[in-house]
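The values are calculated or read from the model by the stated rules, or taken from the named source; none is laboratory data. Owing to the predicted nature of the structure, the values given are computational and were not obtained by experimental measurement. Quick note on the areas: whole protein, heavy atoms, side chains included, nothing else; ligands and nucleic acids left out. Shrake-Rupley method; radii C 1.70, N 1.55, O 1.52, S 1.80 Å.
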Amino acid sequence: MDENDKPVIDPRGAQLVYMVIADHIAGRISNGELQPGMRIPGELDLAAFYGVARMTAARAVRELRERGLVITVRGKGTFVVEQPPSNGEE
């Protein structure tokens, strides 16, 4: 991940911090920067990169799982899943 690409996170702002992180990673998935099958950084690495607590990073990853964008394999990491075509193509 590139420091210049990092979103501005305001812990006192109206947006939930974990949602800002989840939205940023989701954007990287949708623009093809993170491809299906790629491993995303672990919670500790995400926390360090975004400057947040590990639990905040964990909640962001959980949000991505709930959106169906990633899966977590215990002992292996969290991976981007194959996304269905967005324009209705099969």
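Here the Karplus relation 6.51 cos²θ - 1.76 cosθ + 1.60, evaluated at θ = phi - 60°, turns the backbone of segment 57-69 into coupling constants of 5, 4, 5, 5, 5, 4, 4, 5, 5, 5, 7, x, 8 Hz, with x for every Gly and Pro. Could you please state how large a percent of the accessible area of segment 1-86 is carbon and sulfur, counting protein chains only and using a 1.4 Å probe? Carbon and sulfur together cover 52 percent of it.
Two numbers describe the Cα atoms of segment 1-55: Rg and Dmax, which are 11.4, 35 Å. The amide H of VAL70, built 1.01 Å from its N in the peptide plane, has ARG65, VAL81 as neighbours under 5 Å, considering only residues 5 or more places off or on other chains.
Residue by residue, segment 32-47 carries 3J(HN,Hα) couplings of x, 5, 10, 8, x, x, 6, 8, 8, x, x, 4, 5, 5, 5, 4 Hz when phi is fed to the Karplus relation 6.51 cos²θ - 1.76 cosθ + 1.60 (θ = phi - 60°); x denotes Gly or Pro. Close amide H pairs (under 5 Å, H built 1.01 Å from N) link ALA53 with no residue at least 5 positions away or on another chain.
For the chain, the mean residue ellipticity at 222 nm estimated from helices alone is -12000 deg cm²/dmol, where every DSSP H run of n ≥ 4 contributes -39500 (n - 2.57) and the total is divided by all residues, rounded to the nearest 500. Which of ARG28, ARG59, ARG12 ends up with the largest GNM mean-square fluctuation for the chain, with Cα atoms connected below 10 Å? Between ARG28, ARG59, ARG12, it is ARG12 that shows the largest mean-square fluctuation. Of ASP45, ASP10, the residue with the largest accessible area leads and the full order is ASP45, ASP10 (1.4 Å probe).
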